[in-house]
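Written below as structure tokens is the structure these notes are about.
The values are calculated or read from the model by the stated rules, or taken from the named source; none is laboratory data. Since the structure is predicted, the reported quantities are computational estimates derived from the model, not experimental observations. Cβ placement follows ideal geometry from the backbone for every residue including glycine, while neighbour counts extend to all protein chains displayed. Quick note on the areas: whole protein, heavy atoms, side chains included, nothing else; ligands and nucleic acids left out. Shrake-Rupley method; radii C 1.70, N 1.55, O 1.52, S 1.80 Å.
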Amino acid sequence: MKSQELINTAKAMVAKHKGILAMDESFPTCNKRFAKLGIPQTVEARRSYREMIVTTPGLKESISGAILFDETIRQKTKVGIPMIKVLIDAGIIPGIKVDTGAKELAGHPGEKISEGLDGLRERLIEYYQMGARFAKWRAVLVIGENIPSKASTIANALTLARYAALCQEVGLVPIVEPEVLMDGSHTMEQCFEVTEEVLCIVFNQLYIQGVLLEGMILKPNMVLPGLLCPKQETDDAIADATVKCFLRTVPAAVPGITFLSGGQSAELASARLNAMNVRFKSKLPWELSFSFGRALQQPALEIWLGKEDKVSDAQKAVYHRAKCNFAARRGEYNSGMETDL
Ligand code: 13P
């Protein structure tokens with residue numbers, strides 16, 4: 001195992017208060033978001049959208065790494081520069097999503113298992129040769145009546161651990177992403193219980209598969225009430241519950257926790273990350289950072305709308321959200337920042 005390289009990459013991914021930009025939506029997810037805004041769902045539209053993001057001036061000030069989708073890592077800008085080279089030249093570490101999606105888990109209606117282990121070693125070797133230095137695999141856990149089941153939690157944890165071990169074998173830092181979804185009417189306490197159990201089982205499986213904790217990154221959900229829960233919580237309560245859950249479950253050897261945004265608004269995701277860092281930053285063994293998708297991109301997507309003359313304004317929105325989260329990592333974000341775009 002290339003242990004030192006993995007440790008160095010993982011550290012760099014969470015260094016200097018920077019965070020990770022998730023821009024690895026699969027075709028169906030990206031197309032769905034485009035369709036909602038009336039943007040054509042074509043290869044060229046996805047290419048120009050992703051070019052807009054990676055060429056954002058000053059992106060590297062707040063962004064340490066960017067997660068690409070297979071389509072994007074093979075694409076070029078309109079002047080012929082590979083997207084991955086644009087990132088590398090800007091000092092941003094390129095990463096790649098490698099699961100092939102969450103499918104129905106046999107015998108467990110309403111639950112999912114992420115696929116993509118077949119042929120993964122060969123795909124990882126190719127991505128490493130292309131210049132990627134980390135990978136991402138997302139597992140999805142649903143809160144509902146009697147779910148997630150042990151079957152779904154254990155199957156997803158084992159799959160994440162096998163993926164992580166394969167990544168480390170070729171020198172890619174695995175981002176391990178067990179996402180407990182926000183969908184539903186569950187309370188924050190229920191989310192806490194499920195997240196705690198999921199993380200315990202994930203780290204147990206990572207241990208069994210021999211994954212080097214210092215050479216991985218955890219990408220979890222925050223501990224939140226469901227979107228339909230009548231009792232919503234303050235940012236401070238969410239920060240307290242989230243940090244308490246992670247102190248119980250995430251070994252100190254893990255260099256960083258980079259949260260997904262999961263459907264929170266961009267502003268709430270920044271405010272909650274900020275609250276965690278204000279209240280706990282100096283007392284924690286790991287960095288608390290971001291690896292947001294929608295919370296970094298959505299405002300820019302709504303400005304861009306597929307129009308060439310909107311590229312510059314959309315890039316300002318990407319830059320702004322990245323800056324807000326960079327501030328949140330230091331506990332220096334405040335809602336006043338939202339007006340100085
Ligand atoms: P969101 O921040 O939009 O949840 O996306 C993060 C991600 O990478 C999901 O896999």
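One table, with the values for the structure above:
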{"item": "Tally, over the stretch 206-226, of residues that are in a loop (DSSP other than H, G, I, E, B) and within 16 Å of the ligand (Cβ to nearest atom)", "result": "8"}
{"item": "Total residues in the stretch 230-255, condition within 16 Å of the ligand (Cβ to nearest atom) and of a type in the set (D, E, K, R)", "result": "0"}
{"item": "Residue within the stretch 52-67 that is within 25 Å of residue 166 (Cα to Cα) and in contact with an Asp or Glu (Cβ under 9 Å, 6 or more places away or on another chain) present", "result": "yes"}
{"item": "Matching residues, the stretch 77-96, being open to solvent by 30 Å² or more (accessible area, probe 1.4 Å), on the phi < 0 side of the Ramachandran plot and touching a residue at least 24 places away in the same chain (Cβ under 8 Å)", "result": "78, 85, 88, 90, 93"}
{"item": "Identity of the residue in the stretch 18-32, crowded, with 19+ Cβ neighbours inside 10 Å and not in a loop (DSSP other than H, G, I, E, B), that ends up nearest to the chain's Cα centre (by Cα)", "result": "22"}
{"item": "Residue satisfying all of: in the stretch 283-306; touching a strand residue (DSSP E or B) at 6+ places or on another chain (Cβ under 6 Å) and more than 14 Å from the ligand (Cβ to nearest atom); most open to solvent (accessible area, probe 1.4 Å) among these", "result": "287"}
{"item": "Considering residues of the stretch 256-270 that are part of a helix (DSSP H, G or I) and either open to solvent by less than 20 Å² (accessible area, probe 1.4 Å) or without any contact (Cβ under 8 Å) to a residue 12 or more places away in the chain (or both) only, the residue farthest from the ligand (Cβ to nearest atom)", "result": "270"}
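Yes/no matrix, rows are residues, columns are (1) more than 15 Å from the ligand (Cβ to nearest atom); (2) assigned to a helix (DSSP H, G or I); (3) farther than 26 Å from residue 243 by Cβ:
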residue	(1), (2), (3)
128	yes, yes, yes
135	no, no, yes
155	yes, yes, yes
161	yes, yes, no
165	yes, yes, yes
184	yes, no, no
190	yes, yes, no
204	yes, yes, no
228	yes, no, no
